[in-house]
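**Q** So that we are looking at the same thing, I have put the structure below in structure tokens.
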Amino acid sequence: MNSYYRRYQENTFLLNICKTVMDIVMVVLAAYVIVSFACTRTTISGGSMEDTIKNEDTVLINRFAYAFGSPKRFDCIAFEPDAIGSSKLYVKRVVGLPGETIQIKEGHIYINGNILENDINDTYIVTAGMAINEIHLGEDEYFCLGDNRNNSEDSRSANIGPVEEGDMIGKAWFHLKSGTDGIGFIK
């Protein structure tokens, strides 16, 4: 009876190891599927989103973030500008919403004639670009700026302009910082 009990314990131990290995494999497989189909990743090239996101940071983009809603002011979005025919993804911050009128004058952003309140960035904007004149956003257009307002190719540029909702890939929500700076959620 003693040898039977010992074999039973050995078999139970091996069975528990197999179950644990299968659980780990299933978790890794599920994570891979979720990241592969629900997320896209891109590596930032340039300093247009500094200090939020730096050059060579890797950003994860939630592709389903706007499946049941629209971007909100100050969301970081990823989009592929239709106008320039590039496969490059841009990551910028939503400043103007559909139906609004945007203008940059005297170094500040104005929405519907009022200065933008609670802006993420209070930097004096040197170059207004196309927004030197009022820009009226259509029903599916967003005005997006880089956080590094004086070093960003964004909706002020004629080759990008307002971002259409159909050109959006998703919400930039997580980044892996280059070097040894770590990881973090994007605010």
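**Q** Filter segment 169-181 for residues that are modelled with pLDDT of 90 or more and open to solvent by less than 30 Å² (accessible area, probe 1.4 Å) and give the result.
**A** Selection gives Gly170, Ala172.
Residues checked against (1) at pLDDT 95 or above; (2) in contact with a helix residue (DSSP H, G or I) (Cβ under 9 Å, 6 or more places away or on another chain); (3) farther than 18 Å from Gly170 by Cβ; (4) open to solvent by less than 40 Å² (accessible area, probe 1.4 Å):
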residue	(1), (2), (3), (4)
Arg41	no, yes, no, no
Gly47	no, no, yes, yes
Asn55	no, no, yes, no
Gly69	no, no, no, yes
Glu80	no, yes, no, no
Ile84	no, no, yes, no
Tyr90	no, no, no, yes
Arg93	yes, no, no, yes
Pro98	yes, yes, no, no
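**Q** Right, something else. Among all residue pairs at least 6 apart or on different chains, which show Cβ distances below 7 Å where the first residue, located in segment 99-113, is of a type in the set (Asp, Glu) and the second is open to solvent by less than 20 Å² (accessible area, probe 1.4 Å) and assigned to a loop (DSSP other than H, G, I, E, B)?
**A** Between residues of segment 99-113 that are of a type in the set (Asp, Glu) and residues that are open to solvent by less than 20 Å² (accessible area, probe 1.4 Å) and assigned to a loop (DSSP other than H, G, I, E, B), the close pairs are Glu100/Leu137.
**Q** Test Glu106 against the stated conditions and say whether it is on the phi > 0 side of the Ramachandran plot, out of contact with any Lys or Arg (no Cβ under 9 Å at 6 or more places or on another chain) and open to solvent by 40 Å² or more (accessible area, probe 1.4 Å).
**A** yes
**Q** Please find, within segment 7-39, the residue that is modelled with the lowest pLDDT out of those that are of a type in the set (A, V, I, L, M) and either touching a helix residue (DSSP H, G or I) at 6+ places or on another chain (Cβ under 9 Å) or surrounded by 11 or more Cβ atoms within 10 Å (Cβ to Cβ) (or both).
**A** Val35
**Q** For segment 50-68, which positions are of a type in the set (A, V, I, L, M, F, W, C) and within 11 Å of the chain's Cα centre (by Cα)?
**A** If the condition is that a residue be of a type in the set (A, V, I, L, M, F, W, C) and within 11 Å of the chain's Cα centre (by Cα), then Ile53, Val59, Leu60, Ile61, Ala65 are the ones that fit.
**Q** Right, another one. Taking the conditions exactly as written (free of Cβ contacts under 8 Å to residues at least 60 places away in the same chain and not charged (D, E, K, R)), does Leu60 satisfy them or not?
**A** No.
**Q** So Arg156 clears everything in (1) among the basic types (Lys, Arg); (2) surrounded by fewer than 19 Cβ atoms within 10 Å (Cβ to Cβ); (3) in contact (Cβ under 8 Å) with a residue 40 or more places away in the chain except one condition, right? Which one?
**A** (2)
**Q** Further, regarding this structure: How many of the residues in segment 155-187 are among the β-branched types (Val, Ile, Thr), part of a strand (DSSP E or B) and under 21 Å from Val35 (Cα atoms)?
**A** Within segment 155-187, residues that are among the β-branched types (Val, Ile, Thr), part of a strand (DSSP E or B) and under 21 Å from Val35 (Cα atoms) number 2.
**Q** Looking at segment 121-129, can you tell me whether even one residue there is of a type outside the set (Phe, Trp, Tyr), open to solvent by less than 40 Å² (accessible area, probe 1.4 Å) and within 18 Å of the chain's Cα centre (by Cα)?
**A** Yes, segment 121-129 contains a residue that is of a type outside the set (Phe, Trp, Tyr), open to solvent by less than 40 Å² (accessible area, probe 1.4 Å) and within 18 Å of the chain's Cα centre (by Cα).
**Q** Which strands (runs of 3 or more DSSP E) sit wholly inside segment 62-154 and have at least 3 residues that are under 28 Å from Phe37 (Cα atoms)?
**A** The strands (runs of 3 or more DSSP E) meeting that bar are 76-79, 90-96, 141-145.
**Q** Hey, does segment 152-164 have a residue that's among the aliphatic types (A, V, I, L, M), more than 19 Å from the chain's Cα centre (by Cα) and at pLDDT below 95?
**A** yes
**Q** Given (1) closer than 24 Å to Asn55 by Cβ; (2) buried (at least 16 other Cβ atoms within 10 Å of the Cβ); (3) without any contact (Cβ under 8 Å) to a residue 24 or more places away in the chain, where does Gly184 come up short, assuming only one miss?
**A** Every listed condition holds for Gly184 apart from (2).
The values are calculated or read from the model by the stated rules, or taken from the named source; none is laboratory data. Note that the coordinates shown come from a computational prediction; the quantities given were computed from them, not determined experimentally. Neighbour counts are summed over all protein chains in view; Cβ atoms, including those assigned to glycine, are modelled from backbone coordinates with ideal geometry. The area values use the complete protein model at the heavy-atom level, side chains included, leaving out ligands, DNA and RNA. Shrake-Rupley method; radii C 1.70, N 1.55, O 1.52, S 1.80 Å.
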